[in-house]
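Right, I'll just put the structure down here and ask away after.
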Number of protein chains: 2
Amino acid sequence: MYPRIIGTTRIYGLIGTPLRSAKSPVLLNTLFAEAQSDAVCIPLEVGTGDLSGFVSGIRTVSNLAGLLVTMPHKQSMLDLVDVLHPTARQIGAINVIRCDSDGRWVGAVFDGLGCVLGMQRQGVTLLGKSVLLVGAGGSGRAIAFAVAAAGARSLIISDLDPHRALDLAQCVAKQGACVVHAGPADPAGHDIVINATPLGMNPADPMPIDAERLSPTTVVVDIITRSEPTALLLKAQSLGCQTLDGHPMHLGQALLALSFLGFEDIERRYSSGL
Amino acid sequence: MYPRIIGTTRIYGLIGTPLRSAKSPVLLNTLFAEAQSDAVCIPLEVGTGDLSGFVSGIRTVSNLAGLLVTMPHKQSMLDLVDVLHPTARQIGAINVIRCDSDGRWVGAVFDGLGCVLGMQRQGVTLLGKSVLLVGAGGSGRAIAFAVAAAGARSLIISDLDPHRALDLAQCVAKQGACVVHAGPADPAGHDIVINATPLGMNPADPMPIDAERLSPTTVVVDIITRSEPTALLLKAQSLGCQTLDGHPMHLGQALLALSFLGFEDIERRYSSGL
């Protein structure tokens, strides 16, 4: 299903580069079409140095109702919106902007909450769980805060750069929501293991964790959205683990972004189907 | 049929205000979908004072492949493109911009040629005909040049403002393609009568010509694109005249614009169906 585009259609741009593999336009346009919303999501490929020029120009478009923000603009966009949603302030990034009718742009980020919602929609709850998060980059940072806020008992953060892992662990620990430490990428003894590194995007990548040490009771989440399962997920499945690829997170993000953008009806429809 | 929008989809914006009644997105998107082109046309509502800011910002979008330009930007856009197609130089307006991969923007206008193509596609040829054109505004200006170039024997241009009619008649006469004069809106004795005024957009509008003086052999063209026939067309039909509303012109414009934008396949498919 695709939206019917007429003169009054509200535009939601996906801004970033490269966008060749972007999945948001198909997902959002399907949701818009199902809900018969007069809205469309289109890719807008903009390079790093062009962001502020793009923003000042596109602000003149009165039917631009929102932007989804992806690499490499998630951090630089912080300075170009008028209001930061608490999520954006906490995580220091933006993945969605609501263009209000008074001209104000409000930036938020739902990478982390979307991951948690995606897990919940697959029956995986965080409450009281011991979680290993591998990768303390942009996505990992957002997921760490959301996992802690969702009631995990403990969170170990691992990264190839131990300083980055330690820094993130200290930031999340300050929220006081759960016990957080930096540590090795050892899955043994954890209820949930989340890969938030890019390892697995290419078939030749090494594993982000020592998968031999997975227990069959561990849930393995890989946030990579490919059509084929990553090597990590294949190995985990062979050991009997429940696995989640990046699609539940992507849908979770989209539902939260849509709710933030004013499409509460779409978010409700999907949430009631939990 | 609607286009499937993915990360690589090329964007064709329709820029103007107001766009509530704009028909180009539906027409172009149907043509794109039929041709399975990875392209989409979206409305971008931009006000008068915002044009140059919009243009400098949107030039950063690397998958923006073209713009359709409508009121009130058709003249002001002349200063904001890099190259003027001969049609734009002649008529002093732009209704389509091709954004070339080297960053250059080429502006053209197909209002007039589109009207002639639309007439031809309905079996109405201009060669050797006596034509009355009512309305010497933006559309009328484009149509006058195209009618003369298509081989009309004579062209009378009428306007509520006689100076505007005279000025346009003199400009077109300079091309030397046909006999052109300013004159009254009297349809008697003409093979073809074209209404290029807005009269008829609202049901309460007076007729643009004295329709009682139409002969049944006269073809009456009204460029207004409404779903209901205008009073002029209804009267002409009641007298036995062949009539054309604005839709053939709109399709003719779209086909010429698509050919200019590189979609020669779409234009060929429709032209072969003449």
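The values are calculated or read from the model by the stated rules, or taken from the named source; none is laboratory data. Since the model is a prediction, treat every value here as computed from it, not as a measurement. Please note: Cβ atoms are built from the backbone with ideal geometry, for glycine as well, and neighbour counts cover all protein chains shown. Surface areas here come from the heavy atoms of the whole protein model, side chains and all, with no ligands, DNA or RNA. Shrake-Rupley method; radii C 1.70, N 1.55, O 1.52, S 1.80 Å.
Determine, for each peptide in B:99-105, B:165-171, the mean count of other beta carbons within 10 angstrom over its residues, then list the peptides with the highest first.
Ranked by mean Cβ neighbours within 10 Å, highest first: B:165-171, B:99-105.
Compute the convex hull volume of the Cα atoms of the protein assembly as shown, divide it by the residue count, and report the result per residue in Å³ as a whole number. Display every interim value, and only then the final one.
Numbers: hull volume 88.7 nm³, N = 548.
Here the figure is 162 Å³ per residue.
Right, another one. List, shortest first and in nm to one decimal, how far the label point of B:Gly92 (7 Å from Cα along Cα→Cβ) is from its counterparts in the other copies.
So the distances to the same position in the other copies read 5.8 nm.
First measure r as the distance between the Cβ atoms of A:Asp186 and A:Ser52, then evaluate 1/(1 + (r/R0)^6) with R0 = 35 Å and state the FRET efficiency to the nearest 0.05.
Taking R0 as 35 Å, the efficiency between A:Asp186 and A:Ser52 is 0.20.
Further, regarding this structure: Interface A/B, total buried accessible area with a 1.4 Å probe, nearest 100 Å²?
2500
Checking buried surface per residue: for segment B:1-25, which residues lose a minimum of 40 Å² accessible area in the protein assembly relative to the chain alone (1.4 Å probe)?
Buried by the other chains: B:Tyr2, B:Arg4, B:Ile5, B:Gly7.
Separate question: At a Förster radius of 22 Å, what calculated FRET efficiency corresponds to the Cβ-Cβ distance of B:Arg20 and B:Gln75, to the nearest 0.05? Intermediate values should be presented prior to the final figure.
On the way: r = 22 Å, r/R0 = 0.99.
For B:Arg20 and B:Gln75, the calculated efficiency is 0.50.
For chain A, divide the Cα radius of gyration by the Kirkwood radius and give the resulting Rg/Rh value with two decimals.
Rg/Rh: 0.97.
Here's something else I'd like to know. Could you pull out which residues in segment A:49-67 have an amide N less than 14 Å from a spot 7 Å beyond the Cα of A:Asp38, following the Cα-Cβ vector?
Residues A:63-65 qualify, since their backbone N sits under 14 Å from the label point.
Given a 1.4 angstrom probe, what's the average accessible area per residue across segment B:114-268, in square angstrom?
Per residue, segment B:114-268 has 43 Å² of solvent-accessible surface.
Something else: Please tell me the relative contact order of segment B:42-101 in percent, rounded to the nearest whole number, where contacts are Cα pairs under 8 Å and at least six residues apart.
Details: 45 pairs, mean separation 23.0, N = 60.
Computed over segment B:42-101, the figure is 38 percent.
Let me know the shape class of segment A:1-49, please: from the alpha-carbon gyration tensor, a ≥ b ≥ c as square roots of the eigenvalues, rounded when a/c is under 1.5, otherwise prolate if a/b is greater than b/c, or oblate. Let's see the in-between values first.
Values: a/c = 3.51, a/b = 1.78, b/c = 1.97.
Oblate, since a/c reaches 1.5 and b/c is not below a/b.
Right, another one. Give me the percent of accessible area attributable to carbon and sulfur for segment A:61-114, probe 1.4 angstrom.
The nonpolar share, carbon plus sulfur, comes to 52 percent.
Distance in whole Å from the B-onto-A rotation axis to the closest C-beta of chain B, together with the residue it belongs to, please.
Here the value is B:Gly57, 1.
What nm distance separates the two modelled labels at A:Arg104 and B:Arg104, each placed 7 Å from Cα along Cα→Cβ?
4.6
So, how do all the Cα-to-Cα distances of segment B:112-248 break down into 10 Å bins, in percent, from 0 on up?
Computed distribution, short to long bins: 14, 49, 33, 4.
Pairwise over distinct Cα atoms, reciprocal of the mean inverse distance: report the Kirkwood radius of segment B:183-274 in Å, one decimal place. Kindly include the intermediate steps, with their values, before the conclusion.
On the way: mean 1/r = 0.0694 Å⁻¹.
Result for segment B:183-274, one decimal place: 14.4 Å.
A further question follows. Put a label point 7 Å from Cα along the Cβ direction on A:Asp79, then list its distances to the equivalent points in the other copies in nm, shortest first.
3.1
Between A:Thr87, A:Pro229, A:Cys241, whose Cα lies farthest towards the positive end of the dipole of chain A when Lys and Arg beta carbons carry +1 and Asp and Glu beta carbons carry -1, centred on the Cα centre?
A:Thr87
Hey, another quick one. May I ask you to give the percent of accessible area on segment A:183-225 that is carbon plus sulfur, with a probe radius of 1.4 Å?
59
Shortest first and in nm with one decimal, please list how far the B:Arg20 label point sits from its counterparts in the other copies (point 7 Å along Cα→Cβ).
Its label point is 4.4 nm from the equivalent points in the other copies.
Three principal axis extents, largest first, for the C-alpha atoms of segment B:10-109, in Å?
34, 32, 27
Restricting to Cα pairs below 8 Å that are 6+ residues apart, what does the relative contact order work out to for chain A? Please round to a whole percent.
Reported relative contact order: 14 percent.
List the lysines whose Cα lies under 16 Å from the Cα of B:Lys129, skipping any in the same chain that are fewer than 8 positions away.
By straight Cα distance, B:Lys129 reaches no lysines at all.
Next up: Heavy-atom accessible surface, probe 1.4 Å, ligands and DNA/RNA ignored: which residues of segment B:46-82 lose at least 10 Å² versus the isolated chain?
B:Val46, B:Asp50, B:Gly53, B:Phe54, B:Gly57, B:Ile58, B:Thr60, B:Val61, B:Ser62, B:Asn63
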